[in-house]
Amino acid sequence: MIAAEALAAGLDTPTLCELAGWPRNADARDIRDAFEQALAESGVRLPDRGLARRHALRRMAARLIDGEITPADLATDDGWETDVETPAERSFVALIPQCDCCIEYTLGLDQQTWAAQLRNAALALTSSPPISRGC
């Protein structure tokens, strides 16, 4: 769908056209390789892995605020492994446990307190200045 949306927005490359027609169950590695090729054909460079993870962290915070994901959903991601640079990023990541089964044990908080603190940290992160273009 991202490829089709990019085409609709005016980004047109041979690989992107091909990718837009791929089935939903195509191999994720093949999709990533083709998408990177389409971006290269367009002159768009992907950010380095660390910067990309920081962008993803900000998107996770926004999705939490918008109610698209729950606090427990963050524990199933690997956001806690993200290298952070700002105080807002550090505050948010510090509240993401490594697994959802040990939230109380890991953080020493009850679920409601943890969810409230996580939401506050997400609000602080999403309202902080962007780290670079695209955030």
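The values are calculated or read from the model by the stated rules, or taken from the named source; none is laboratory data. Predicted model, so just to flag it, every value in this text is computed and none were measured. Ideal geometry is used to build each Cβ from the backbone, glycine not excepted, and the neighbour counts take in all protein chains shown. Each accessible area value is taken on the protein alone, full model and side chains, heavy atoms only, with ligands, DNA and RNA left out. Shrake-Rupley method; radii C 1.70, N 1.55, O 1.52, S 1.80 Å.
With θ taken as phi - 60° and the coefficients 6.51, -1.76 and 1.60, list the Karplus ³J(HN,Hα) couplings across segment 85-98 in order, rounded to whole Hz; mark glycine and proline as x.
3J(HN,Hα) across segment 85-98, in whole Hz: 10, 10, x, 5, 5, 4, 4, 5, 5, 4, 9, 9, x, 6.
So what is the relative contact order of the chain, in percent, for Cα pairs below 8 Å that sit 6 or more residues apart?
On the way: 115 pairs, mean separation 28.7, N = 135.
Normalised by residue count, the contact order of the chain is 21 percent.
Counting only protein heavy atoms and using a 1.4 Å probe, what share of the accessible area of the chain belongs to carbon plus sulfur, as a whole percent? It would help to have the intermediate numbers written out before the result.
Numbers: 4460 of 8670 Å².
The computed percentage sits at 51.
Report the longest stretch of the chain that contains none of the trypsin sites (Lys or Arg not before Pro) sitting in a DSSP loop with at most 14 other Cβ atoms within 10 Å.
Values: sites that count: ARG24, ARG45, ARG133.
Of all site-free stretches, the longest is 46-132.
Once R0 is set to 22 Å, what does the formula 1/(1 + (r/R0)^6) return for the Cβ-Cβ distance between ARG45 and GLU85, expressed as a FRET efficiency to the nearest 0.05?
Details: r = 20 Å, r/R0 = 0.92.
Result of the calculation: an efficiency of 0.65.
From the phi of every residue in segment 110-122, what ³J(HN,Hα) in whole Hz does the Karplus formula 6.51 cos²θ - 1.76 cosθ + 1.60 yield, where θ is phi - 60° and glycine or proline is x?
After applying 6.51 cos²θ - 1.76 cosθ + 1.60, I find 7, 4, 5, 5, 4, 4, 5, 5, 5, 4, 4, 5, 5 Hz.
Once R0 is set to 30 Å, what does the formula 1/(1 + (r/R0)^6) return for the Cβ-Cβ distance between GLU18 and THR70, expressed as a FRET efficiency to the nearest 0.05? Kindly include the intermediate steps, with their values, before the conclusion.
Working: r = 36 Å, r/R0 = 1.21.
Efficiency at R0 = 30 Å is approximately 0.25.
Report which label in (1) 15.2; (2) 16.7; (3) 15.6 holds the value of Kirkwood radius over Cα pairs in Å derived from the coordinates of this structure.
Only one listed value fits the structure, namely (2).
Taking 0.36 nm per residue of sequence separation and subtracting the Cα-Cα distance, how much length would be gained by fully extending the chain between GLU36 and ALA124, in nm to one decimal?
On the way: separation 88, 0.36 × 88 = 31.68 nm, distance 3.18 nm.
Taking GLU36 through ALA124 to full extension adds about 28.5 nm, to one decimal.
Using 7 Å Cα-to-Cβ label points, what is the MET1/GLN98 separation (nm, one decimal)?
3.4
Can you give the extra length, in nm with one decimal, that the chain gains between ALA116 and ARG63 once fully stretched, where that is 0.36 nm per residue apart less the Cα-Cα distance? Please list the in-between numbers first.
Numbers: separation 53, 0.36 × 53 = 19.08 nm, distance 1.49 nm.
The ALA116-ARG63 span can extend by a further 17.6 nm.
Translational diffusion coefficient of segment 6-74 at 37 °C, 0.692 mPa s, Stokes-Einstein with Kirkwood Rh over Cα pairs, in µm²/s as a whole number. It would help to have the intermediate numbers written out before the result.
Values: Rh = 14.1 Å.
Once the numbers are plugged in, D ends up at 233 µm²/s.
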